[in-house]
Amino acid sequence: MKNDNKKGFYFKQYEAPHQSPFDKLFGIFKELITHTSGDFDEAIDWLRELDKEYKLTDEHYSIDDFIEDLKKKGYIKDEVKPDGSSGLGITAKTERAIRQQALDQIFGNLKRSGNGNHKTKHSGNGDEHTGEFREFHFGDGLERISLTESLRNAQINNGVADFMLTESDLVVEDTQYKSQMSTVLMIDISHSMILYGEDRITPAKKVAMALAELITTRYPKDTLDILVFGNDAWTIAIKDLPYLQVGPFHTNTVAGLQLAMDLLRRKRNTNKQIFMITDGKPSCVREKDGSYYMNSNGLDEYIVDKCYSQAQQARKLHIPITTFMIANDPYLQKFVNKFTEANQGKAFYTGLKGLGEMIFEDYETNRKKKIK
């Protein structure tokens, strides 16, 4: 008898999933608008150049058709530019789409959930059931009583004939407390982030956008503040991330750390942390009189000592600092090692590739432990 049930693998030529002409161009456009720091005209110029080289469009759907669809779908709008001329700019809808794309690219294996779910080893009045039961205590909510287990206890303790339910029969299902985290993400925007022919600011922006989207969708009870530091430090809104650019700045790491700790002091969450993305050595501090002391030659002892002091101060406040160093100079790694030792934090020496995954993994790890 012939057996037609064949087992094994079947190979065929890869077929890309179907995309509409708009969707195909929109994915590229979101990438370009991130690289151009939100400059719509420059992004479209790049898109037209790519179209010439790779034939992205045809006679049925052109770049101009794509721009019209962007308008109709609410991704771009008419605006007045700083020089007074009229033009087109992206909308909040596009900003959200860019953050989501960054999340998909970096953390594509994640599933969304409605509530924060950073588990700790501590049980308490949380919102995640552990599957374990304990006796009822005064103050436990009635909604936490397990009716089935309580009735079972009453039957065992009192029998069926003289059935009665007493307080000693009541049991509740234990729940696990979900920790909340306040995070400050520091991004170096000194001029070295675009020097030597390498664009380091765009990957940093992508990480920031992905982390922002991750926290707002997966961990809505957490807080995230984003600050940038050059000669000084200041906060930026999540919606402004696509427009972030480097400047002709030195690296005032001290100002960034001071602002980060000020932000975290105001948070009620017990768990707090600082993530710092940088590629250069600290080369600037602001003095009490408002003047700047700058030195780009090597590691200035006066500047780095102030950095160590800030690291120690963060340690006293129970704020760990995780440094993501996207440079591999040995003398800079030595500085980061000493800085990390002063804070008792962590340091990762990484290139641009894998930066997002590394930050996510560290974020998740910190969610699973209670920072004392």
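Before moving on, here are some points about what is shown:
- Packing-based order for 269-276, 152-159, using average beta carbon neighbours within 10 Å, highest first: 269-276, 152-159
- Counting heavy atoms of the protein chains alone, E361 has an accessible area of about 110 Å² for a 1.4 Å probe.
- Count Lys and Arg as plus one, Asp and Glu as minus one, and take only other residues whose Cβ is under 11 Å from that of L170; the net charge is then -3.
- Checked against a 32 Å cut-off, the cross-linked pairs K30/K334; K12/K72; K30/K81; K93/K334; K24/K205; K93/K281 give Cα-Cα distances beyond that limit for K30/K334; K12/K72; K93/K334; K93/K281.
- Summarising the amide proton neighbourhood of F249: residues at separation of 5 or more, or on other chains, whose placed amide H is nearer than 5 Å comprise H191.
- Dividing the mean sequence gap of close Cα pairs (under 8 Å, 6+ apart) by how many residues the stretch 39-98 holds gives a relative contact order of 27 percent.
- Cα extents of the stretch 228-372 along the three principal axes, largest first (Å): 41, 34, 34
- Rounded to 0.05, the FRET efficiency of the Q100 and W234 pair, given R0 = 25 Å and the Cβ-Cβ distance, is 0.45.
- For the stretch 221-342, averaging the sequence separation of C-alpha pairs within contact (under 8 Å, six or more residues apart) and dividing by the residue count gives a relative contact order of 24 percent.
- Sequence ranges 38-48, 134-144, ranked by mean other-Cβ count within 10 angstrom, highest first: 38-48, 134-144
- Of Y308, Y243, Y302, Y196, the order by accessible heavy-atom surface (1.4 Å probe, DNA, RNA and ligands excluded), from most exposed downward, is Y196, Y302, Y243, Y308.
- Extended-chain gain in nm, criterion 0.36 nm per residue less alpha-carbon gap, S62 and L50: 3.1 nm
- When DSSP beta bridges are restricted to pairs lying wholly in the stretch 150-234, around 20% turn out antiparallel.
- Å² per residue, accessible surface of the stretch 262-319 at 1.4 Å: 56 Å²
- Within the stretch 160-269, the trypsin sites (Lys or Arg not before Pro) that combine a DSSP coil assignment with at most 10 other C-beta atoms in a 10 angstrom radius are R266, R268.
- Taking N as its residue count, the alpha carbon Rg of the stretch 211-264 over 2.2 N^0.38 Å: 1.25
- Among M294, M181, the sequence by solvent-accessible area, most first, with a 1.4 Å probe is M294, M181.
- Sulfur and carbon atoms: percent of accessible area, the stretch 220-372 [1.4 Å]: 48 percent
- Converting phi to 3J(HN,Hα) with the Karplus coefficients 6.51, -1.76 and 1.60 and the offset θ = phi - 60°, the stretch 327-339 yields 8, 10, 5, x, 6, 6, 5, 5, 4, 5, 4, 5, 4 Hz in sequence order, with x at every glycine or proline.
- Amide hydrogen proximity for A347: with H placed 1.01 Å from N in the peptide plane, the residues at 5 or more positions away or on another chain lying under 5 Å are T323.
- Solvent exposure, largest accessible area first (probe 1.4 Å, DNA, RNA and ligands not counted), of H60, H318, H250: H60, H318, H250
- Exposure of L50 as accessible area (Å², to 10), given a probe of 1.4 Å and all protein chains: 50 Å²
The values are calculated or read from the model by the stated rules, or taken from the named source; none is laboratory data. In this text the structure is predicted, and so the values were computed from the model without any measurement. Note that each Cβ is placed from the backbone with ideal geometry, even for glycine, and that neighbours are counted across all protein chains shown. To get the accessible areas, we keep the full protein, side chains included, count just its heavy atoms, and leave off ligands, DNA and RNA. Shrake-Rupley method; radii C 1.70, N 1.55, O 1.52, S 1.80 Å.
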